[in-house]
């Protein structure tokens, strides 16, 4: 027994030194996530504006679509809205509104017809934002149009003067003040009018001389009229003279020329009421 112990110890040590090393565990290599598919890109560009009248305009846009993937990008409009000077406006009527005029590959030409709000605020230009929500776009796209505001000139009669009283006619003069609220000059021509005093027709006339009115300013002119008493009461003149001040109504139509391409000229009707001094 005493001789076996060293032998066993040698065997154990030798056996342990000859054992196979443990197998190595492979380290997992991270796999990058797949790249997200490229989404279509859209752009809306404002191209120009035309005015049919001071309160009605047509705005034109180009809608462009680009799809990096090998498939067609749709331009279907799901929804749209309009903001004018920051305030959202009700959508126009169906017969007007937004229409697709033409389509050329990935580009569409759009036309928006707007009746501008009748606002007496003191501002000189419109800022119209058109926002579209498209079937293939994640976020809405929009474009802003900026163009000058066009306002109609205002007429004010400052005085009425009796020039000559005849048997059946009375000649008188009307001093007229024309105010231009726009940031550009206007010229008035082809000016037809009728004058009423105390809601009775006095006389009418036609002016063809061009009257220039400066921006944010006024111009004055004189109209010469003849009141004929054959078809009206003769006591009307006596009534007017006795009043000293007469309520009047001044109506008619005038051609207004502007220097801006948006609306070079337009016809406007007017119907102005006020009170004027009668000079003898």
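Size of the stretch 140-214 from its Cα atoms: along the principal axes, largest to smallest, the extents are 74, 25, 20 Å. Given their separation in residues at 0.36 nm each and the Cα-Cα distance between them, residue 43 and residue 119 gain 24.2 nm when the chain is fully extended. Once the convex hull of all Cα atoms in the stretch 41-148 is built, its volume per residue stands at 103 Å³. Taking the Cβ-Cβ separation of residue 251 and residue 168 as r and a Förster radius of 22 Å, what is the calculated FRET efficiency to the nearest 0.05? The value I calculate is 0.35. Within the stretch 129-144, whose backbone N sits under 17 Å from a point 7 Å along Cα→Cβ of residue 103? Residues 133-137 qualify, since their backbone N sits under 17 Å from the label point. Here the spin labels are modelled as points 7 Å beyond Cα on the Cα-Cβ line, and at residue 242 and residue 275 they lie 1.8 nm apart. Subtracting the Cα-Cα distance of residue 190 and residue 84 from their residue separation scaled by 0.36 nm leaves 34.8 nm. Volume per residue of the convex hull around the Cα atoms, evaluated for the stretch 154-279, comes out as 95 Å³.
Bear in mind that the values in this text are calculations on the coordinates, not laboratory data. These numbers come from a predicted model, not from an experiment. Using ideal geometry, Cβ is built from the backbone for each residue, glycine included, and neighbour counts are taken over all protein chains shown.
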